[in-house]
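Working notes, structure below.
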Amino acid sequence: MKKIGFLSFGHWQNAHGSQTLTGQDALLQTVELAVAAEEIGIDGAFVRVHHFARQLAAPFPLLAAIAARTRRIAFGTAVVDMRYENPLYMAEEAAIADLIGHGRLQLGISRGSPEPALRGWEAFGYASSDDPRSADMARVKTDIFLHALSGAGVAPADPQMTGSSGALPIQPQSPGLRERIWWGAGTRQSAVWAAEKGMNLMSSTLLTEETGLPFSQLQAEQIRLYRETFAAAGWGRQPQVSVSRSVLPIVDDTDRLYFGADTRRSGEDQVGYIDGFLSRFGKSYVGEPDAIARDLARDEAVRAADILLVTVPNQLGVDYNAKLLRTIAAHIAPSIGWRPQVS
């Protein structure tokens, strides 16, 4: 393990105990947590994107704000649902955010997870295919997006305006961004597809397949197949792999109040159905920091990955989550080979 980042889902609700009452709170607090994480030495600030929900949605204004307020920390998504995106407009937005951040954008994309809206991408103006989940549409859009980021021409020039009849690329371009695109893969097969496309791999706490193997072993197998395919494809560079984990260290009475009860049910994987597929959900890591450190050090997928993304309970506010990240940085992350990258 080389790096560690936080992942915020950006929930908000006007409820007792929530420190994140509004959408504005969620946005501004995410920026402030990125600033605090950079000061701690954390390597990355990532956000989850959902639609039609009280969570973070259109990510690029938020990513640009993080880029402007920080100097070192990587920032990105985990993940953007491509079914909802215009790939050429998205390529422009991504390049702009990356240029503002001096090449620090790490953009995770995918088919996305189930949403509250029924075929919500159709409300955004995108017609569906026969595939009920439109995974094929997401992959087609991804191909267009990657092509645009590569600097290729994507629109015919008007000879009266340009004096030529060639194809125009999107502007601006941000050199190197194409190699910092990640695919959120829920299966071994989708990880292989990501490798064939030359994308980095994001794998979360959920795999939408079930083989009977413990989650960490199944995810480690996914990573192995991905790396083998990437090498065979001849991309000429080393790919990056991230995995997500729920890590909640308990060091004081406040932590016990929030998460003490979770220690009794956090030690096992869960199996259930999501989006129509029998799926395996990874366990949470809740308890004393030393015990979490030992367990994470034994996690096969964590050992195989380059980046660990820890999900944060964002509704507890910036101060609490900065404390949580400091605890992880000081007492847990060193056990998996991490060292702080303080500017």
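The values are calculated or read from the model by the stated rules, or taken from the named source; none is laboratory data. In this text, all values refer to a predicted model and were calculated from it rather than measured experimentally. Ideal geometry is used to build each Cβ from the backbone, glycine not excepted, and the neighbour counts take in all protein chains shown. Surface accessibility is based on the protein's heavy atoms, side chains included, excluding ligands, DNA and RNA. Shrake-Rupley method; radii C 1.70, N 1.55, O 1.52, S 1.80 Å.
Note on the stretch 323-343: residues that are more than 17 Å from GLY287 (Cα to Cα) and either among the polar types (S, T, N, Q) or open to solvent by less than 10 Å² (accessible area, probe 1.4 Å) (or both) amount to 3.
Being more than 21 Å from ILE274 (Cβ to Cβ) and of a type in the set (Gly, Ala, Ser) is true for just one of GLY108, GLY101, GLY112. Which residue is that? Break it down stepwise before answering.
On the way: GLY108 fails: more than 21 Å from ILE274 (Cβ to Cβ); GLY112 fails: more than 21 Å from ILE274 (Cβ to Cβ).
Of GLY108, GLY101, GLY112, the one residue that is more than 21 Å from ILE274 (Cβ to Cβ) and of a type in the set (Gly, Ala, Ser) is GLY101.
With respect to the conditions (1) assigned to a helix (DSSP H, G or I); (2) crowded, with 21+ Cβ neighbours inside 10 Å, GLY186 lacks only one, and its number is (1).
This table checks each residue for (1) over 20 Å from ALA330 (Cα atoms); (2) open to solvent by 40 Å² or more (accessible area, probe 1.4 Å); (3) at pLDDT 95 or above.
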| residue | (1), (2), (3) |
| --- | --- |
| ASN14 | yes, yes, no |
| LEU21 | yes, yes, yes |
| LEU27 | yes, yes, yes |
| VAL31 | yes, no, yes |
| GLU38 | no, no, yes |
| GLY41 | no, no, yes |
| GLY44 | no, no, yes |
| PHE52 | yes, yes, yes |
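Kindly provide the set of residues from the stretch 142-161 that are open to solvent by less than 70 Å² (accessible area, probe 1.4 Å) and in contact with a strand residue (DSSP E or B) (Cβ under 9 Å, 6 or more places away or on another chain), ordered by number.
THR142, PHE145, LEU146, LEU149, ALA152, GLY153, VAL154, ALA155, ALA157
Taking the condition open to solvent by 60 Å² or more (accessible area, probe 1.4 Å), in contact (Cβ under 8 Å) with a residue 24 or more places away in the chain, farther than 21 Å from ILE332 by Cα and of a type in the set (Lys, Arg), does ARG224 pass? Judged against the criteria, ARG224 is a match.
How many residues does the stretch 191-214 hold that are part of a helix (DSSP H, G or I) and surrounded by 22 or more Cβ atoms within 10 Å (Cβ to Cβ)? Write out each step before concluding.
Here is the first cut: in the stretch 191-214, the ones part of a helix (DSSP H, G or I) are 191-196.
From the residues that got through so far, the ones that are surrounded by 22 or more Cβ atoms within 10 Å (Cβ to Cβ) too are 191, 194-195.
Here the count works out to 3.
If I filter the stretch 226-265 down to residues being in a loop (DSSP other than H, G, I, E, B) and among the charged types (D, E, K, R), which single residue comes out as farthest from ALA322 (Cα to Cα)? If you could, list the steps in order and put the result at the bottom.
First pass over the stretch 226-265, keeping only residues in a loop (DSSP other than H, G, I, E, B): 234-240, 250-252, 265.
After this cut, where a residue has to be among the charged types (D, E, K, R) as well, the list is 237, 252, 265.
Details: ARG237: 34, ASP252: 15, ARG265: 25 Å.
Once the filter is applied, the top-ranked residue is ARG237.
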